[in-house]
1. Tell me yes or no: at least one residue of the range 177-197 is at positive phi and of a type in the set (Gly, Ala, Ser).
2. Which residues, taken from the range 211-267, are in a loop (DSSP other than H, G, I, E, B), modelled with pLDDT of 95 or more and within 25 Å of residue 199 (Cα to Cα)?
3. Only one of 437, 421, 456 is surrounded by 15 or more Cβ atoms within 10 Å (Cβ to Cβ), touching a Phe, Trp or Tyr at 6+ places or on another chain (Cβ under 7 Å) and outside any loop (DSSP other than H, G, I, E, B); which?
4. Report yes if residue 171 is within 16 Å of the chain's Cα centre (by Cα) and either closer than 20 Å to residue 215 by Cβ or of a type in the set (Phe, Trp, Tyr) (or both), otherwise no.
5. Inspect all residues belonging to the range 85-99 and state whether any of them is open to solvent by 20 Å² or more (accessible area, probe 1.4 Å), at pLDDT 95 or above, of a type outside the set (Phe, Trp, Tyr) and over 30 Å from residue 280 (Cβ atoms).
6. Would you check if there is a residue in the range 173-186 being in contact with a Leu (Cβ under 8 Å, 6 or more places away or on another chain), modelled with pLDDT of 95 or more and among the hydrophobic types (A, V, I, L, M, F, W, C)?
7. I'd like the full set of residues that are open to solvent by 10 Å² or more (accessible area, probe 1.4 Å), farther than 18 Å from residue 230 by Cα and in a helix (DSSP H, G or I), limited to the range 268-298.
8. For the range 374-405, give me each residue that is touching a residue at least 40 places away in the same chain (Cβ under 8 Å), under 27 Å from the mean Cα position of the chain (by Cα) and under 24 Å from residue 256 (Cβ atoms).
Amino acid sequence: MAAVRALAGLCGRLNQSWHSALLPVQSLSNESSVSSVPAQRYNKLMSSRLLQSVFARNKVVVMDRKNGKRSSSVNSKAWGTGIVMNASQVLEEALPCSLQEATTVDVQLGDRSYPIYIGSGLLNNPDLLQKHVKGKQVLVVTNTTIAPLLLEKVVAMLKHGDNNIHVESVILPDGEEYKNMETLMKVFDKAIETRMDRKCTFVALGGGVIGDMCGFAAASFLRGVNFIQIPTTLMAQVDSSVGGKTAVNHRLGKNLIGAFYQPQCVLIDTDTLLSLPNRELASGIAEVIKYGLIRDAAFFQWLESHIESLLARDPNALAYAIKRSCENKAEVVSLDEKEGGLRATLNFGHTFGHAIEAGIGYGGWLHGEAVAAGMVMAADMSYRLGWIDDALKYRAVKLLERSNLPTAPPETMDIDKFKTLVAVDKKVADGHLRMILLKGPLGNCIFTGDYDSSALDQTLNAFCQS
């Protein structure tokens, strides 16, 4: 029965209103063992070892999510004696409420504190979202990739039980190359055209680019309105949605125009990762590995033992990795919201990584890919300074390689290009580049400008064309 409930939960949380196709159905003696699943998701779901065992033990019928009815072309004999339900009925009748309860990580910032909700199926819980909506006007900011999958569901959640809620949406192009002022103006245009007021709430529905732009728009519109983060990529779930950093890029550097602005809440539905491309998943894992390297040795060791489970999207492994990452970031943000020192350590690998992104053109590499190469370069520099041993450097490189991430910059990044781009890094102070480097045993790092610059030159020479 537990397996049936797990399947029912997944069926109830599917994100689109796909039409059905036929799957073989056998006669059933126990009506509670029947669930429905859209056939176009069958192959994807069957790639999960958990779902393979669920499907093997339970009979599945396929429904049309739009009307909850079987296809008229189905031979009635094929439906056997089972009870046919649509996904919402399965969810209501078979899934205990406790299975949808969220794990909560709190970001402690006094009167600006907020919760991070983490769990499977949270986008089926309207109350969780609605209690953080301020006012009666909502603007959902999303992109062309996520809108067909989740926009209708989120709008329905926002309006659930309250016809007085007015929801508008703006759909932006997808990609880092669109994270700029020109695209941001589309959000302001929509907010002004629909007469959003100071009590309105902006909702960021998407990955890190959407979260950063929506947050910056919320910080700026009418000098600040409420906003909520619903991150849909692993990168956004473990990093960019938490902590209130919002920004757009400039052609000379990444995230140079922005503000610190905290959300009302962060709602992480881990089911959104089911449709995430493998490359995007690996990109998010780069930030997960970062936490282990700089401040959580036990977590890094766990990752070394479970990285294949993460890549296979094991739900328990993903849930733990997201929770532990959010706990690490929430603790740092609570102690240093505006990046006076400690929070800067979360940018390990980002000095080189941001230079790579700007140098090859935004969108050429994913953020996590650039950060992965940047972390290897930072580890190499730390080793050249004598601050870490060769074994730690090797472990970092090996785990990133196992995660299908690059461990060197692209060949187009030469030494002069790196030096030009790091010169405008946000961590430059009084003309001197401060860096986050590993120092000591695993789980320790330092944010400093006090280092031998020849080590930086040696690292650049080792990784780049002259």
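1. no
2. Scanning the range 211-267 gives 224, 225, 261, 262, 263, 264, 265.
3. That would be 437, the only listed residue that is surrounded by 15 or more Cβ atoms within 10 Å (Cβ to Cβ), touching a Phe, Trp or Tyr at 6+ places or on another chain (Cβ under 7 Å) and outside any loop (DSSP other than H, G, I, E, B).
4. It is false that residue 171 is within 16 Å of the chain's Cα centre (by Cα) and either closer than 20 Å to residue 215 by Cβ or of a type in the set (Phe, Trp, Tyr) (or both).
5. Within the range 85-99, not a single residue is open to solvent by 20 Å² or more (accessible area, probe 1.4 Å), at pLDDT 95 or above, of a type outside the set (Phe, Trp, Tyr) and over 30 Å from residue 280 (Cβ atoms).
6. No, the range 173-186 contains no residue that is in contact with a Leu (Cβ under 8 Å, 6 or more places away or on another chain), modelled with pLDDT of 95 or more and among the hydrophobic types (A, V, I, L, M, F, W, C).
7. 278, 279, 295, 297, 298
8. If the condition is that a residue be touching a residue at least 40 places away in the same chain (Cβ under 8 Å), under 27 Å from the mean Cα position of the chain (by Cα) and under 24 Å from residue 256 (Cβ atoms), then 375, 377, 378 are the ones that fit.
The values are calculated or read from the model by the stated rules, or taken from the named source; none is laboratory data. Because the structure is a prediction, the values reported are computed rather than measured. Note that we place each Cβ from the backbone using ideal geometry, even for glycine, and neighbour counts take in every protein chain shown. With ligands, DNA and RNA removed, areas are computed over all heavy atoms of the protein, side chains included. Shrake-Rupley method; radii C 1.70, N 1.55, O 1.52, S 1.80 Å.
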